[in-house]
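Input: a single structure, listed below in structure tokens.
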Protein chains: 2
Amino acid sequence: MKGETTVSGYLIRRLIDYDVDHVFGVPGDYILDFYRQLEESPLQMINTCDEQGAGFAADAYARLKGLGVVCVTYCVGGLKIANTTAQAFAEKSPLVVISGAPGLNERHRNPLLHHKVRDFDTQLNIFRHLTVAATDLIDVENGCCEIDRVLAAAVRHKQPVYIELPRDLTEAACSCSGDPSPPAAASDPDALHEALTETVQRLAQAQRPVLIAGIEIQRFGLQQPLLQLLEATGIPFATTPLSKSTLCEDHPLFLGVYEGAVGKEKARQAVEQSDCLLMLGAFMTDVNLGIFTAKLDQALTISSSSDGSSIAFHQYPEVLLGDFLPGLLDQNLPHRSTAAAKPTAAPQPFEAQDEPITIRRLFEYLETFIDDHMVLLADPGDAMFAATDLTIRHPAAFLSPAYYTSMGFAVPGAIGAQLARPDLRPLVLVGDGAFQMTGMELSTAVRFGLSPIVVVLNNGGYGTERPMTDGRFNDVPVWRFSRLPEVIGAVQGFEIFSEKDFEQALQAALTHTDSPAILDVHLDPHDHSPALKRLTDALGAKVRNSGK
Amino acid sequence: MKGETTVSGYLIRRLIDYDVDHVFGVPGDYILDFYRQLEESPLQMINTCDEQGAGFAADAYARLKGLGVVCVTYCVGGLKIANTTAQAFAEKSPLVVISGAPGLNERHRNPLLHHKVRDFDTQLNIFRHLTVAATDLIDVENGCCEIDRVLAAAVRHKQPVYIELPRDLTEAACSCSGDPSPPAAASDPDALHEALTETVQRLAQAQRPVLIAGIEIQRFGLQQPLLQLLEATGIPFATTPLSKSTLCEDHPLFLGVYEGAVGKEKARQAVEQSDCLLMLGAFMTDVNLGIFTAKLDQALTISSSSDGSSIAFHQYPEVLLGDFLPGLLDQNLPHRSTAAAKPTAAPQPFEAQDEPITIRRLFEYLETFIDDHMVLLADPGDAMFAATDLTIRHPAAFLSPAYYTSMGFAVPGAIGAQLARPDLRPLVLVGDGAFQMTGMELSTAVRFGLSPIVVVLNNGGYGTERPMTDGRFNDVPVWRFSRLPEVIGAVQGFEIFSEKDFEQALQAALTHTDSPAILDVHLDPHDHSPALKRLTDALGAKVRNSGK
């Protein structure tokens, strides 16, 4: 890729090369000229109500499409997405943050320009904490190489990067020479050979090997070799909450989601009683592993990720998941028949009663309702914990910030998800408290012709916190969610009290394929899913002990 | 103040000492124990829908009450208010950010706890960029002194500070010895004497002295000595947009708001033709001074602020506004009669017509409508620029982020303003785009029995940007703002098309003193106030030139 172009022209072209079709954001004067250029490009601009919504939408888009882009103005835009960028960093989502900035020709003698905080580098310095690569494109001569470097880092590490565009340089010429793609990271061959040999030996001696498929399997697109490995060896597997739906969950070898004492018993027993635990691309996070209720024996664990590998207590920093997994597949490991292996049972038929709806019954119905044409987004709270138990029969059709757990992700996330995967209709599970943070982005869905079905678990407050420490601070104001169509237009609103209401509303929402729906599900404030009950017991004990 | 207490007990007591009555925020598990203690204290907890709303509300509260507090959980809460804290930093608002954090007993071997970004210091390091003092209270022995140091910095610099509370230390004992208040900053006496002497000489030789009262006059409570100085000397004065309403704007010596070519002619001529310009506590920011259309001659300028002083081209870094202004008052400067001095004319009576409402007419009516029992909050956009021309007859009764200009401030800001000044009813002027960012915090106002009157200037998008560069990205989705009561309850909603509609709605809102009102004012998308027209002409030229 040779030749001369402009900074913004090159940036747009490279985003298209990476298969990006949409850019999320809110305009402002420091980025306005770039917005005009975006509008003239093949990229579609998706304006959200607030920058926070754009950040979450782009994160979800990145998780499903391989790269997401959020484009905002200087500081008043950029600093609004510090949190959403932090989530993408923590959960390995390849997100590109593009921010406008004052022009170099405006910076002489350090004037107090609007939107400036401390100095012209404040935003850049903050984003250095939240990204794996950052550039301010002041060195225009080198601009194309900088764009290549930063975008390649996002794709290589599956983490956010930051590009700051001074507004007087967007049309400056920049040339680029050579191949913009840096060589991929590769494992040390000798270390890889030793690690594979040791793994083969350990697996051969193991009676009850179990594999945990972590989120990096999805991020690095390794589902296919993983599935081959599982089917060739007959080793049963679990996922973590963050990596839920990495493979189809009705696979006979699937044990369930492992999350320590919080998860279901079948997965817990198999994982904790395993004599050889193969963790591929999994992070050992707290919520992800049941807030430290996990009981894993490091002596029996083999772990490999994009950051390196380890076996028992020794490390292979130069052995990377991208080589380890195919390498393991090449070892022609023997097939074993596993007692645990049996197909997931078909869901129990659900007969809606004319009874007040409970969380348990709501999720029993969802188990029968969700199908291969949906992507499920679960917001932190009981929506997320209860949803972990659902059977997702379509790979990568479940999104939840199960490690960073920032409330307010799911509604704007559904916008990003449906644009990334127009073949899937988003089903959003969100608490009333979380909806009040970002749920008005539903109007963005209306604007762009999207059709998420939003189920609000309305229990009058922050239900996850009540069992830990309760007070008026856990209450939220009453919103009549089903009346939102009065304000934002073409949305179907439903008010749900009984099981029958819920069933009818979801069926009605299904038939209206071209508009969003919102279901206000009235729940008892003290009704919790079994998973949340187990989690809050664990967390509550932690909070109580920590105060002493 | 001696004796032993707990970290959280001491923090709460010191906030009360500083006259804080309310704390704004959203709870989360890392701060939950402190929330419980807040609920048991005399402080009232004001929960907002989203942390962003809490940040803006606390900023407005700080501006009116001298100290504001926002209290959030770790990262997913704290990083959501990076932008609102940046605004407080840029505009000198004394805001205390309190964030929960993982307990020290949870941090062994650097585990991946939920809400963690890169390492345990990420949030602290980010807030160091946005505050004048920050502490993580890990050194409990020293905890009380740290709290004193940080709170004193907020009050001394009138800028944000950051306190991070590990959740296992909130009830740890901390002792404090001695006087927690550090000595106030003081000017060097010799430098002060020289600066005052020089100022007196320059004023004596000046024919047309003019004073600009900047925002620090409000922040440091210097309105009274300023008024004495003005009335003793007869020097006419102007304000900046940020410091608008520092003194009553119907004062005979008031020239108007000075903002270069953007402001009204009377103030501009007087300021730019002055042969001795006395700037007290004013920042030379761009929007504040009409985006560099200001023409000020530094050779004729005397400037004093909390950071130091200067006369013409020489500096007095050790001469501070807090000493300079009283010092000047002590000089017994002669009184002069000023041609410019005449009382502000009473507003023209407004006769509402049955005509479509325009921005010009809307503000003509507001000029007759606003009274001493209101505080006006103007969101960035035409709301802010047009409001600059209104006559505010009550000191400190106008709030607008006129330097940092972060959209979405005004609705949550009204919550903070009414709690800080329950004698004043907030009148909010906000664009439709800005309302869609944070306007749902109106439900927080309902929850806490507040009664802002919210006027939405609905012109279908980002009206400030259209004259610069227009495109679909400047459109926002249609919301029927007047139907919001359907969703959030006890609010009066009005749909406004004509002047008569507007007058009737405002009068009706006035009579309902105990609930909020929202007025959806339908404006022509191309209708701009004269002030915005002047500003966007200047900005548009800037953007066009910068792209070349």
Query - Evaluation of B:ALA397 against (1) surrounded by fewer than 24 Cβ atoms within 10 Å (Cβ to Cβ); (2) farther than 25 Å from A:THR438 by Cα (one fails), failing number - result: (1)
Report summary line: The lone condition A:VAL97 fails out of (1) more than 10 Å from chain B (Cβ to nearest Cβ); (2) within 22 Å of A:PHE409 (Cα to Cα); (3) surrounded by fewer than 24 Cβ atoms within 10 Å (Cβ to Cβ) is (3)
Report task. Could you tell me whether any residue of region B:167-180 is under 19 Å from B:LYS65 (Cα atoms), assigned by TED's automatic domain parsing to the domain that holds B:GLY55 and crowded, with 24+ Cβ neighbours inside 10 Å? Result -> no
Requested in this report: With the condition kept exactly as written, say whether any residue in region B:68-89 is within 14 Å of another protein chain (Cβ to nearest Cβ) and basic (Lys, Arg).
Outcome: yes
Report task. Take region A:24-43 and flag every residue that is in contact (Cβ under 8 Å) with a residue 40 or more places away in the chain and more than 7 Å from chain B (Cβ to nearest Cβ). Result -> A:PHE24, A:GLY25, A:VAL26, A:GLY28, A:TYR30, A:ILE31, A:PHE34, A:GLN37
Query raised in the report: Quick one: A:HIS108 ticks every box in (1) surrounded by fewer than 18 Cβ atoms within 10 Å (Cβ to Cβ); (2) in contact with a strand residue (DSSP E or B) (Cβ under 7 Å, 6 or more places away or on another chain) bar one, so which box is it?
Result: (2)
Query - Considering residues of region A:187-238 that are in contact with a helix residue (DSSP H, G or I) (Cβ under 7 Å, 6 or more places away or on another chain) and part of a loop (DSSP other than H, G, I, E, B) only, the residue nearest to A:ALA88 (Cα to Cα) - result: A:PHE220
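Filtering region A:393-428 down to residues that are of a type in the set (Val, Ile, Thr) and under 30 Å from A:LEU253 (Cβ atoms), which residue is modelled with the lowest pLDDT?
Across region A:393-428, the extreme among qualifying residues is A:THR405.
Quick grid of which residues meet (1) at pLDDT 95 or above; (2) crowded, with 24+ Cβ neighbours inside 10 Å; (3) farther than 27 Å from A:LEU424 by Cβ:
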site: A:GLY3; (1), (2), (3): no, no, yes
site: A:THR6; (1), (2), (3): no, no, yes
site: A:GLY25; (1), (2), (3): yes, yes, no
site: A:PHE34; (1), (2), (3): yes, yes, yes
site: A:GLY66; (1), (2), (3): yes, no, no
site: A:VAL70; (1), (2), (3): yes, yes, no
site: A:ALA82; (1), (2), (3): yes, yes, yes
Query raised in the report: Filter region B:376-392 for residues that are within 14 Å of another protein chain (Cβ to nearest Cβ), touching a strand residue (DSSP E or B) at 6+ places or on another chain (Cβ under 7 Å) and assigned to a loop (DSSP other than H, G, I, E, B); which is modelled with the highest pLDDT?
Result: B:ASP379
Requested in this report: Output the residue which, of all residues in region B:239-272 that are polar (S, T, N, Q) and not in a loop (DSSP other than H, G, I, E, B), is surrounded by the fewest Cβ atoms within 10 Å (Cβ to Cβ).
Outcome: B:GLN269
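Yes/no matrix, rows are residues, columns are (1) touching a Cys at 6+ places or on another chain (Cβ under 6 Å); (2) within 14 Å of another protein chain (Cβ to nearest Cβ):
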position	(1), (2)
B:HIS115	yes, yes
B:LEU124	no, yes
B:VAL140	yes, yes
B:ASP148	no, no
B:ARG156	no, no
B:ILE163	no, no
B:ARG167	no, yes
B:CYS174	yes, no
Query raised in the report: Residues in region A:410-432: is at least one crowded, with 24+ Cβ neighbours inside 10 Å and under 24 Å from B:GLU39 (Cβ atoms)?
Result: yes
Query raised in the report: Out of all the residues in region B:126-145, which are buried (at least 24 other Cβ atoms within 10 Å of the Cβ) and in contact with a Ser or Thr (Cβ under 8 Å, 6 or more places away or on another chain)?
Result: B:PHE127, B:LEU130, B:THR131, B:CYS144
Query raised in the report: Just checking, how many residues over region A:203-224 are buried (at least 17 other Cβ atoms within 10 Å of the Cβ) and not β-branched (Val, Ile, Thr)?
Result: 12
Query raised in the report: Quick one: would you say B:ASP423 is of a type in the set (Asp, Glu) and more than 11 Å from every other protein chain (Cβ to nearest Cβ)?
Result: yes
Report summary line: The condition of being out of contact with any Ser or Thr (no Cβ under 6 Å at 6 or more places or on another chain) and more than 12 Å from chain B (Cβ to nearest Cβ) holds, among A:ALA402, A:ALA414, only for A:ALA414
**Report entry** Some residue of region B:247-260 being closer than 29 Å to B:ALA153 by Cα and outside the structural domain of B:SER529 (by TED's automatic domain parsing)
**Finding:** yes
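The values are calculated or read from the model by the stated rules, or taken from the named source; none is laboratory data. Please read all numbers here as calculations on a predicted model, not as lab measurements. So basically every Cβ, Gly included, is an ideal-geometry build from the backbone, and we count neighbours across all protein chains shown.
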